[in-house]
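In what follows, a structure is listed as C-alpha cells, so that the remarks can point back to it.
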Amino acid sequence: MAKIWVRQAVLRALDDAMTEDPTVIMMGEDIAAAGGPFKVTEGLLAVHGPQRVIDTPISEMAFMGAAVGAAVCGLKPIVEMMFIEFIGVALDQLTTQAATMRYLSRGKLTTPLVVRASAGAGQGFGCQHSQMLDHWFRGTPGLKVCVTSNARTTYGLLRSAIEDPDPVVVLEPRILYAEREEYEFDSSYRIPLGKAEIVKAGKDATLLACGAMVRVAKEAAENSSADIEVIDMLTLWPWDRDTIMESVSRTGRLVTLEEATAGNGWGAEVVSSVAVEAFGSLKAPPHRITLPDAPVPYSGKLEARFLPSAAYVAEQVSALVSTNKTPMPWWRNAA
C-alpha cells in the first residue's frame, strides 16, 4: 500500500467526483491554470476543461454568489477559499442564501454546494491566515461543517460533502497537506457527515479532537499515564451526540482539544450538552483544552507555544484523571 499526501487525497476526491458526475464544477482563485496555491487542484483543468474548472477574479462575494445560483439551477459547485478568512466578505451568500434556500422554498430548491478552505495554524502565516473560524458556520440551520484529519478522512468527507443536497463547509488544515500515510483509494469510500470516529479506545477519559489536533490527541494518548479514548469529531455541525455520549458514559470524563480560543471553540456546545444529558456519568468536571484568548502569533517559537502540544495535552488529561479536578491552562499558571 502506497503512502500518499493529504493534498493528493483532496485532488483524487475532486477528480473522482468530477469524473463520475458531469454536474460537478469548481470555482476559485488560481485553481485552474496554476493548479491551486497548495497544488490540490493540479491537473484538473487539463482533464475537465475550463468550463468546469473555473479561475475566478479576486472577488469572493461574486463567485460565491455565482456558485449559489449554479447550485439552485442544478449544478454541484465546489468553491475553494484559498484561506478560510477570505470568506468573510461572502458570508451572506453562504449563510443567508445557500443555507436557507431549502427552507424558504418549502423544499422545492436545494443548494448542493461545497465550500473547501485551507485553515488552521502551525506554518507561520500570521494571525490573519491561521484561524479555523468554524464558529462562523457552526449552528447555522441548513449548513454542515466538517474538518479533515488525514488522507482517508479527507477523501471520505469530501466525497460525502459533494454528494450532499445541502451546503457543506469542509475545512482542510493546511499543515496536513504534506502529511503522508498509507492509504489505498477506493472511489466508493464515504464518511457519513454527522458521524464521529473512535480512533483509539480507552477507559479513563474521552478526548475529543478534530483536524490537526487529532494527531496531537493520538500522540498524547500514547504517552499518557491514563488510558485515553480518542475520538475524531470529523463533523462539527451537526456533531455526533450518540458516539460521544456513549463514550463519556463509559469513561466518566470528557476533555475537548480545540484549535480555537475558549470563547469560540466547538467544545462549549459539546460540554454543555454532556453536562445536561450525561451528568450522572461524570466522575470529574468536563475540561476544555483551548488556545489562549489572543491572535495566532507570527513568530515560530510563539506559535509553537500557542498551539497545544502532545506533551501538554497528556499532562492535562493525566491531571484530570488523577485528581478529578480541572487543571489550569498553562497561561494562567504562568501568570
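Every read-out reported here was derived from the displayed coordinates using simple, explicitly stated rules and does not represent laboratory data. These numbers were taken from a predicted model, which means no experiment stands behind them. When we count neighbours, we look across all protein chains shown, and the Cβ atoms used for this are built from the backbone with ideal geometry, even at glycine.
So what is the relative contact order of the stretch 197-334, in percent, for Cα pairs below 8 Å that sit 6 or more residues apart? Relative contact order of the stretch 197-334: 27 percent.
Contact order normalised by length for the chain, with contacts defined as Cα pairs under 8 Å and 6 or more residues apart; what percent is it?
Normalised by residue count, the contact order of the chain is 15 percent.
Can you tell me the FRET efficiency between E269 and E42 if r is taken as the Cβ-Cβ distance and R0 is 35 Å, rounded to the nearest 0.05?
Details: r = 37 Å, r/R0 = 1.06.
Once the sixth-power term is evaluated, E becomes 0.40.
Distance from the Cα centre of the stretch 272-306 to that of the stretch 177-200, in angstrom? After rounding, the separation between the Cα centres reads 25 Å. Against the main long axis of the alpha-carbon atoms of the chain, helix 60-72 sits at an angle near 80°.
Relative contact order of the stretch 3-182, taken over Cα pairs closer than 8 Å and 6 or more residues apart, is 26 percent.
Taking the Cβ-Cβ separation of S299 and D227 as r and a Förster radius of 30 Å, what is the calculated FRET efficiency to the nearest 0.05?
Details: r = 36 Å, r/R0 = 1.21.
Result of the calculation: an efficiency of 0.25.
Under 5 Å between amide hydrogens, built in the peptide plane, is the criterion, and for R288 it picks out T256 among residues at least 5 positions away or on other chains.
With the simple spin-label model, which puts each label point 7 Å out from Cα in the Cβ direction, the K3 to A62 separation comes to 4.3 nm. The distance between label points at K108 and Q123 comes to 4.4 nm (points 7 Å beyond Cα on the Cα→Cβ vector).
Less than 5 angstrom separates the built amide H of W266 from none of the residues sequence-distant by 5 or more or on a different chain. With respect to the cross-link table entries K76/K144; K108/K195; K3/K76; K195/K325; K3/K301, which display a Cα-Cα separation exceeding 21 Å? With Cα atoms farther than 21 Å apart: K108/K195; K3/K76; K195/K325; K3/K301.
Could you calculate the contour length gain from A319 to D242, that is, 0.36 nm times the residue separation minus the distance between their Cα atoms, to one decimal place in nm?
Details: separation 77, 0.36 × 77 = 27.72 nm, distance 2.66 nm.
Residue separation times 0.36 nm, minus the Cα-Cα distance, leaves 25.1 nm.
A simple charge model with +1 on the Cβ of Lys and Arg, -1 on the Cβ of Asp and Glu and nothing else charged puts the dipole of the stretch 3-182 at about 340 debye relative to its Cα centre.
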